[in-house]
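These notes are about the structure you will find just below.
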Protein chains: 2
Amino acid sequence: MTVNLDDVDWAIIEQFQREARISVSELARRVSLSASAAAERVRRLETTGVITGYHAAVDLTKIGYPLLAVVRLKYPGNRHQPLRRLLEERHEILECLRTTGEDCYTLKVAATSMEHLEALVDELAGFGSTTTGVVYRQTLPHRGPARP
Amino acid sequence: MTVNLDDVDWAIIEQFQREARISVSELARRVSLSASAAAERVRRLETTGVITGYHAAVDLTKIGYPLLAVVRLKYPGNRHQPLRRLLEERHEILECLRTTGEDCYTLKVAATSMEHLEALVDELAGFGSTTTGVVYRQTLPHRGPARP
DNA sequence: ACTGAAACCCATATCTT
DNA sequence: AAGATATGGGTTTCAGT
């Protein structure tokens, strides 16, 4: 499942994790390659599924979601379909991780207000018992792991 | 703190959250705007801090990090500097949220192996008591909230 | 697998409405 | 805020190494 990546591949991944909208020729300059070679590398990283996409990061507060919360969900039973449907519908749920341990799901949700957060948690509480923590601050900027 | 966004701004944000590397002219086509108008909109979203960056998403398994875990950390006291330093250094820590509630920090970490994960948790355990859950699956793809 | 050249496409700036 | 136009730079393809 692991793909063999050399130094240049890692350099490309690093650059694109920080600034995904630089041009391929700019990328080529930064990793010391010709533009066509860099374009080919990027294509390979995309087709092999190493790079899965490019996404804009937004300031949630500025777009009207000043609250961020972590909701842990103890989910009894094994009927996961209804929860999946909720995740599809509610775009306020930004991330959902199913984990080992007592709290089966850890969710990251954005809310417009405490009332909104309350309503979201109520919806989730329909599936099991929840533990909610409101996020003071996101300590890290967006980034990925380095070369292992 | 909130910025006023109209339908076109939201359409641009949506497009860039899904595909951040499309050209401005392609974006213009998708949101029914001229290229120069679209470019101007994007510039405004960037300078007002609505869009904070563009980032490549990678398949962690394919780059050698087959394990993902959620670590919750009970952090007694108020000396947060040493933890901040660890976050800077250890790029395996992908995200760190400081929250209300008993578990002050919720971290998302990537690991190359169980041994590696154990070492990471040991490092974190130096700061307080930890609760770790290994992630079975990330249920949602990368996305952002919709218009409130 | 990378380079370099050519043709084509896109981005950016400026001006006009 | 949108459209037109021009120019410089970026992307893509292909032959050559």
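For chain B, what does the helix formula give at 222 nm: sum of -39500 (n - 2.57) over DSSP H segments with n ≥ 4, over the residue count, nearest 500 deg cm²/dmol?
Dividing the helical sum by the residues of chain B leaves -10500 deg cm²/dmol.
Of the listed peptides B:125-134, A:8-17, what is their order by residue-averaged count of other C-beta atoms within 10 Å, with the highest listed first?
A:8-17, B:125-134
In region B:8-98, carbon and sulfur make up what percent of the accessible area (probe 1.4 Å)?
Here it works out to 47 percent.
Could you give the distance between the Cα centres of region B:86-148 and region B:16-35, to the whole Å?
Region B:86-148 and region B:16-35 have Cα centres separated by 34 Å.
Report the local net charge at A:A125: Lys and Arg +1, Asp and Glu -1, summed over other residues whose C-beta lies under 12 Å from its C-beta.
Numbers: positive: A:R72, A:K74; negative: A:E118, A:D122, A:E123.
Summing Lys/Arg as +1 and Asp/Glu as -1 gives -1.
Under the convention of a label 7 Å out along Cα→Cβ, give the distances in nm from B:R84 to the same position in every other copy, shortest first.
4.4
Note down the relative contact order for chain A as a percent, whole number, built from C-alpha pairs under 8 angstrom at least six residues apart. Could you put the intermediate results ahead of the total?
Details: 154 pairs, mean separation 36.6, N = 148.
The value is 25 percent.
Can you list the trypsin sites (Lys or Arg not before Pro) in region A:53-148 that are in a DSSP coil and have 10 or fewer other beta carbons within 10 angstrom?
Details: sites: A:K62, A:R72, A:K74, A:R79, A:R84, A:R85, A:R90, A:R98, A:K108, A:R137, A:R143; in loops: A:K62, A:R79, A:R90, A:R143.
Filter output for region A:53-148: A:R79.
Rank A:V121, A:V109, A:V58 by mean-square fluctuation in a GNM of chain A with C-alpha springs under 10 angstrom and give only the top-ranked residue.
Taking springs between Cα atoms under 10 Å, the residue moving most is A:V58.
What average number of partner chain Cβ atoms lie no more than 10 Å from the Cβ of the residues making up A:4-10?
1
In nm, one decimal, shortest first: how far is the label point of B:S36 (7 Å from Cα along Cα to beta carbon) from the matching points in the other copies?
Listed shortest first, these distances are 3.5 nm.
Starting from the Cα of B:S23, step 7 Å along the direction of its Cβ; do the same at B:W10; then give the gap between the two resulting points in nm.
Once both label points are built, they end up 2.9 nm from each other.
What's the average, rounded to a whole number, of partner chain beta-carbon atoms within 10 Å of each residue's beta-carbon in A:62-73? Show your work: numbers first, answer last.
Numbers: counts 11, 14, 8, 4, 2, 0, 2, 4, 9, 0, 7, 0.
Across the residues of A:62-73, the mean count of other-chain Cβ atoms within 10 Å is 5.
Within 12 Å, Cβ to Cβ, of B:T112, how many net charges do the neighbouring residues add up to if Lys/Arg are +1 and Asp/Glu are -1?
It works out to a net charge of -2.
So which of A:K108/B:K108; A:K62/B:K74; A:K74/B:K62; A:K108/B:K62 end up more than 22 Å apart, counting from Cα to Cα?
Exceeds cut-off: A:K62/B:K74; A:K74/B:K62; A:K108/B:K62.
Defining the label point at 7 Å along Cα→Cβ, can you sort the distances from A:D6 to the same site in each other copy, shortest first, in nm?
5.1
By the scheme Lys and Arg +1, Asp and Glu -1, what is the net charge of all other residues having a beta-carbon under 14 Å from that of A:I63?
-3
Kindly express, to the nearest 10 degrees and within the range 0 to 90, the angle between helix B:35-47's C-alpha long axis and the longest C-alpha principal axis of chain B.
Roughly 30 degrees between the two axes.
The values are calculated or read from the model by the stated rules, or taken from the named source; none is laboratory data. These numbers were taken from a predicted model, which means no experiment stands behind them. FYI the Cβ positions are ideal-geometry reconstructions off the backbone, even for glycines, and counts take in every protein chain you see. Remember, those area values only see protein heavy atoms, side chains included, never the ligands or the DNA or RNA. Shrake-Rupley method; radii C 1.70, N 1.55, O 1.52, S 1.80 Å.
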